[in-house]
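Participant: The structure follows.
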Amino acid sequence: MNDTEPDISESLIKISEAENSFAGDIASAQSVSEIENIRVRYLGKKGLLTEFTGLINRANQENKKTLGQQINKLKQSIQAQLTVKTKNLEEEARIRNEKTIDVALPGRRHRLGTLHPLTLTSRKVCSIFNAMGFLTVDGPEIETDYYNFEALNIPSDHPTRDDQDSFFIKSGILLRTQTSPVQIRVMKKTRPPFAIIAPGRVYRRDTSDASHSPIFHQIEGLYVAEHVTFCDLKGILHNFCIQMFGKDRRVRFRPDFFPFTEPSCEISISCARGGGKGCATCGGDGWLEILGAGMVNPAVLKNVNLDPEIYSGLAFGMGIERIAMLTYDIHDIRLFFENNYQFLGQFPSYFTS
């Protein structure tokens, strides 16, 4: 054995001393951070077991195997004990934390959500018309030009299309600008008599401001049968206005124009804020426009293969945001889309009559 070669017995003693030293350190450890310090001290890059590799390098070939086995055995033992000790300390900490909970204290209340005011308004409107015999139907938000315009008596050169500047996905395919296409789909598949309402989301390329949004919601209604008259239209919509806004509100019908109805009208209710005498809300004239309506244009009936000599119909449509703003006295449509809990949380989850 040369001068640089360590004595095998001395090397084994050092390994044994390290094992005893580790046993004392881990037994006294009281926290996970202390366990990490012990790990670095023994297994780190500059740790004690790393230094032991020098003993192997300087040992002769006969002793290398013996030293290597002893060092590897110690390393595996240290790793296993560190893992067990860490788990035990973490479990003890968890139990201590549980014991510090005062179960006598009142619990934290979970904040309950409420229905969105547009949902509340839509449900209220639908419930009124459902009670009058109208069936609620739905349709696709991505529509063809035919259902959104052509079948509704709005050809490609019609000026009304300027007011419904549209999001076209590709030629002939667009995001619907109104829920009227649902009426066309129903009339093509269903034989009269029928009465339906179609609530849903619609899209127009409007610049967002206090009264406009590129995304908004509509509810449109349709009643087709034999001998439907304008008197039916007035009776249905007058009943709706009274139930929606109260018996003290007056209802006004005035002539208007829509390509898919003839004759057409706009319906307004008296302004509640100014007592019908005019205020900033109604622009000073004492009336608030809430919806448009009319008798179904014979050209539309022909487009869906219904004989206008036999059948007639009435149609109406309203913006849900408009109705909600009047119901809750809201003056900026953008509030509906900002997801502000302080705003949304103030609405009741039901309507009171």
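Participant: Looking at GLN243 and the list (1) out of contact with any Ser or Thr (no Cβ under 6 Å at 6 or more places or on another chain); (2) closer than 30 Å to ASN305 by Cβ; (3) surrounded by fewer than 20 Cβ atoms within 10 Å (Cβ to Cβ), which single condition is not satisfied?
Facilitator: Only one criterion in (1) out of contact with any Ser or Thr (no Cβ under 6 Å at 6 or more places or on another chain); (2) closer than 30 Å to ASN305 by Cβ; (3) surrounded by fewer than 20 Cβ atoms within 10 Å (Cβ to Cβ) is unmet by GLN243, namely (2).
Participant: Could you give me the residue pairs with C-beta distances under 6 Å whose first residue belongs to the range 141-156 and is at pLDDT below 90, whose second residue is assigned to a helix (DSSP H, G or I) and of a type in the set (A, V, I, L, M, F, W, C) wherever it lies, and which are 6+ apart or on separate chains?
Facilitator: These pairs meet every condition: ASN153/ALA299; ASN153/VAL300.
Participant: Of the conditions (1) of a type outside the set (Val, Ile, Thr); (2) without any contact (Cβ under 8 Å) to a residue 40 or more places away in the chain; (3) buried (at least 19 other Cβ atoms within 10 Å of the Cβ), PHE257 fails just one. Which one is it?
Facilitator: (3)
Participant: Follow-up. Do you know which residues across the range 124-162 are surrounded by 15 or more Cβ atoms within 10 Å (Cβ to Cβ), part of a helix (DSSP H, G or I) and among the charged types (D, E, K, R)?
Facilitator: If the condition is that a residue be surrounded by 15 or more Cβ atoms within 10 Å (Cβ to Cβ), part of a helix (DSSP H, G or I) and among the charged types (D, E, K, R), then LYS124, ASP145, GLU150, ARG161 are the ones that fit.
Participant: Moving on. What residue, among those in the range 179-236 that are in contact with a strand residue (DSSP E or B) (Cβ under 7 Å, 6 or more places away or on another chain) and of a type in the set (Ser, Thr, Tyr), is farthest from PHE167 (Cα to Cα)?
Facilitator: Restricting to residues being in contact with a strand residue (DSSP E or B) (Cβ under 7 Å, 6 or more places away or on another chain) and of a type in the set (Ser, Thr, Tyr), the top hit is TYR223.
Participant: Looking at (1) surrounded by 13 or more Cβ atoms within 10 Å (Cβ to Cβ); (2) without any contact (Cβ under 8 Å) to a residue 12 or more places away in the chain, which is the one condition that is false for PHE230?
Facilitator: The one condition PHE230 does not meet is (2).
Participant: GLN178 - would you say it is assigned to a helix (DSSP H, G or I), at negative phi, buried (at least 18 other Cβ atoms within 10 Å of the Cβ) and in the same structural domain as PHE260 (by TED's automatic domain parsing)?
Facilitator: Details: assigned to a helix (DSSP H, G or I): no; at negative phi: yes; buried (at least 18 other Cβ atoms within 10 Å of the Cβ): yes; in the same structural domain as PHE260 (by TED's automatic domain parsing): yes.
In short, no.
Participant: Quickly run through the range 204-231 and pick out the residues that are assigned to a loop (DSSP other than H, G, I, E, B) and within 24 Å of the chain's Cα centre (by Cα). Full working, then the answer.
Facilitator: Step one: of the range 204-231, the residues assigned to a loop (DSSP other than H, G, I, E, B) are 204-214, 226-229.
Within the range 204-231, ARG204, ARG205, ASP206, THR207, SER208, ASP209, ALA210, SER211, HIS212, SER213, PRO214 meet the criteria.
Participant: Got at least one residue in the range 296-315 being assigned by TED's automatic domain parsing to the domain that holds PRO263, in a helix (DSSP H, G or I) and within 29 Å of THR114 (Cα to Cα)? Break it down into steps so the answer makes sense when it comes.
Facilitator: Going through the range 296-315, the residues assigned by TED's automatic domain parsing to the domain that holds PRO263 turn out to be 296-315.
Next cut, in a helix (DSSP H, G or I) only: 298-303.
Now narrow it down to the ones that are within 29 Å of THR114 (Cα to Cα): none.
No, the range 296-315 contains no residue that is assigned by TED's automatic domain parsing to the domain that holds PRO263, in a helix (DSSP H, G or I) and within 29 Å of THR114 (Cα to Cα).
The values are calculated or read from the model by the stated rules, or taken from the named source; none is laboratory data. Please read all numbers here as calculations on a predicted model, not as lab measurements. For neighbour counting, all protein chains shown are included, and Cβ atoms are generated from backbone atoms with ideal geometry for every residue, glycine included.
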